Every structure is written in structure tokens, then in C-alpha cells.
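See structure below.
Nothing in this text is a laboratory measurement; each read-out follows from the coordinates by a stated rule. Remember, it's a predicted structure, so these values are computed and weren't measured experimentally. No Cβ is skipped: glycine too gets one built from the backbone with ideal geometry, and neighbour counts run over all protein chains shown.
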Amino acid sequence: MKQRTVFKTLTLGLAAAFCAATLPAAAQQAKIKVGLMLPYSGTYAALGHAITNGFKLHVAENGGKLGGREIEYFVVDDESDPAKATENTNKLVKRDQVDVLVGTVHSGVAMGMAKVARETKTLFIVPNAGADELTGALCAPNIFRSSFTNWQPAYAMGKVAAEKGHKKVVTMTWKYAAGAQSTEGFKEAFEKGGGKVVKELTLPFPNVEFQPYLTEIASIKPDAVYVFFAGAGAAKFVKDYAAAGLKNSIPLYGAGFLTDGTLEAMGDSGQGLLTTLHYADGIESKKNNAFRLAYAKTYKMQPDVYAVQGYDAAQLLGAGLAAVKGDIANKDALIKAMEAAKVDSPRGAFTLSKAHNPIQDIYLRKAEGGQNKLVNVSIKGLDDPARGCKM
Ligand code: PHB
């Protein structure tokens, strides 16, 4: 053998020996199986796609790997249907035997996923669904969130509305966990600030027959209206609100999902809307600028909060996997590293609370052109109260 070949063989041999010493045999070859359970159809379809894009962008930026291991995707469309949540989750956990479950958008579906994740102790990262219980009464060592609780942006909007001097507000939303908890969060801060929620209007998810409710709002004549809507339904609501002639007479506020990823579909009717959220398009930071550029280049579209949350779910998993050198079976160390992670998010760096929910700034934003422009930081480092979490 030539000297160079001997040297090469030796180095390769040493590298292999090093790998064998640090990782169990099976773990060295196998890819890490990531199960993406998200809505790819229905009113939240665009949200599911944005989360998927964001997650895959971070993995691609790392050469298709996290913690040195290649990533393989298994994908299920959950249709935002809570009735199918257990069956759909089991497709990933039992049939495909994924190492980690990532999902979803809809709070009711996420609650079903959490039940399976708790029973099977599968690592579960929530890249959107705000169900307060996930990092509240149902918190668990294997459940993490890269997004928000329904309480967080809503509470900030309640504070803003009270500070604007509004006294009498009507709320409106879809009748399910996210809508109810968003309304509660708003009400808590708004009433603490001296306001009163005089009427809580709801309609079944994902109905978009808003007209009778708009007529009722017009007859109540509140100082302002607070809503939780998202996705395609949000665009329809804002258009209907303007068409009913309410936009110029009764200010409309929302958790920022109202205008995230939906401004183009709203056209003029969305312009000027004030919302609160843990992301704004115009955040000036190296990380946000790089993220927005890479996302636009890869997907030929602008990112939104959902893309950020997907990206950060991958970053959070990556932090855990890096600490255990890709050995996902080393659960305790993996979880410890994820708990301690400081995620360099496009929204601004965040850490996790004891209940595994981001402690993060909530921004007040104003819709201008195609963007939710940053107005100010409404509440700095807002931590969810994590009611009922014993961990
Ligand atoms: C939820 O169901 O928790 C949910 C759905 C869509 C959003 C935000 C929260 O944009």
C-alpha cells in the first residue's frame, strides 16, 4: 500500500472507532424519523405548509442533518379534525415508529396528539397549537413547544386595548379551545385594565358565515372588537367586517394570527389592522434578515409566524440532538439540553419556561402593505402562567 492510502485507511478507521465508541451501532446508520402531523387541507392548510417549510429550511441549512444524523420525514395531513387525531397520530407513532412527533396547528388536534405522546413517551414538539393545557395541566417532560400559548398574544392585546381607553368590547371567534382561551386571555388583561367584555360571540369551527354576527356587532355598538381567527377564515372575516361598513366605525383587534399569512388575500380591508404576536415582519436583526432571505429564496414566498415556529421546532430539536451527538435514545440528556436551549429565533432569542413554553416578547404590529410592521414591544419576556403544570 502507498503511504497516503495507509494514512487514509488509518484515519477512516479511527473515525469509525470514535463513532462506535460514542454511539450505539444501530444509531450510527439509521436516520432520525421525524413525523410531521399538520393540516395540508382546509382553512389551516397554508399554516401547515409554512411550518413544514420552516422546519425543512433549518434542516437543509444543516446539510439535511440534526446532531450529525440524517433526517427522514413521515407526513400526515390531520385536516384540523380532532375526531381523527388519535388515529392520525398512531399512523406516525405506531405504524411509522417515528422518533419525534412534530405538530400541529389546531389546539383540539394537538390535545389528541399529546395523549398519545404521553402514553408512548414519544418526544413531541408543538410548532403552533396554543392549547394552554399542553404546557399547563398536561405538561410533560417529553412535550415541548416552539410557538406560544393561546393566552400569550391575547393577554397582550387586552392590555393594549385597555391602554387605548376602550371600555366596552365584543369578542368573536370559532367555538373551540383556541378561540375560547384566546378570548379568556384578552378578557383577563382588558378587564384588569378597567374594560369590560360585554358580549362573547362564537360560531362553529371552521364556519365562515359571519353576516348575522356582524349585524349583531353593529347593533351593540361596542368601542372595539377583539377576534381570534386564522388562515383562510381570517381573510374572509376581515373582508366581511370591512364590507359590512364596520372597519371605519368600530376598531378591530386580534391576536396576530388574524393578519399573518393572510394580508394578500384581504387586500385593502386588512390595511391598518393592529394585532399582537410573538413575531413581526420588520424585526431588524441579523437572524431575522438571514431567515427571511433564505426562506424567500427557497420557497419564492415571504415567511410568516408559522414558518418561524417550524424553523424553531427544528432548531430546538437540533439543540437537543447536538448535545447527545445524535443519540436520540439518550432521552434524559436530550430533554435536559432542549430545556436549557437558547433558541436563536428570527422572532428574537428565546428560552423555555419550566413547562417547556417559549418565554418571549409580544409585539404590537400594524398591517401595512403586505407586512405586519413592528410598532413596539407590547410585553417584554412574557411567560405563560402555566396553570396546573406540575413538573
Ligand atoms: C390553535 O388552534 O391553537 C390555533 C390555530 C391557528 C392559529 C393559532 C392557534 O393561527
Estimate the FRET efficiency between Lys286 and Glu70 by the formula 1/(1 + (r/R0)^6), using the beta-carbon distance for r and 25 Å for R0, to the nearest 0.05. 0.35
As I understand it, the value is the acute angle between the Cα axis of helix 305-323 and the longest principal axis of the Cα atoms of the chain; what does it come to in degrees, rounded to 10? 30 degrees
Ratio Rg/Rh [Cα only; Rh per Kirkwood] for segment 205-278: 0.92
Please give me the summed charge of the neighbours of Glu70: other residues whose Cβ is under 11 Å from its Cβ, Lys and Arg +1, Asp and Glu -1. +3
Summing Lys, Arg as +1 and Asp, Glu as -1, what charge do residues with Cβ under 9 Å from the Cβ of Asn142 carry, Asn142 excluded? +3
Cβ-based net charge around Asp384, under 14 Å, with every Lys or Arg adding one and every Asp or Glu removing one: -3
Spacing of the two label points (7 Å from each Cα toward its C-beta) at Thr120 and Lys31, in nm: 1.9 nm
For Lys325, which aspartates and glutamates qualify as cross-link partners when the Cα separation must be under 14 Å and same-chain residues fewer than eight apart are set aside? Glu70
Semi-axis lengths (Å, descending) of the ellipsoid that matches the C-alpha gyration tensor of the chain: 41, 21, 19
Over 30 Å (Cα to Cα) among Lys33/Lys373; Lys121/Lys159; Lys168/Lys239; Lys65/Lys91; Lys196/Lys342 -> Lys33/Lys373; Lys121/Lys159; Lys196/Lys342
In a GNM of the chain with a 10 Å cut-off on Cα contacts, which of Gly103, Gly63, Gly185 has the highest mean-square fluctuation? Gly63
Can you work out the FRET efficiency for the pair Lys221 and Lys354, with r the C-beta to C-beta distance and R0 = 35 Å, to the nearest 0.05? 0.20
How far is helix 331-340 tilted, in degrees, relative to the longest principal axis of the Cα atoms in the chain, given as a value from 0 to 90 rounded to the nearest 10? 50 degrees
Bounding extents of segment 73-193 in its principal axis frame from Cα atoms, largest first in Å, are 54, 26, 22
Fraction of alpha-carbon pairs in segment 339-391 farther than 16 Å apart, rounded to whole percent, equals 52 percent
For segment 127-228, radius of gyration divided by Kirkwood radius, i.e. Rg to Rh on alpha-carbons: 1.02
Might you report the magnitude of the Cβ-based charge dipole of segment 83-173 about its Cα centre, with Lys and Arg at +1 and Asp and Glu at -1, to the nearest 20 debye? 220 debye
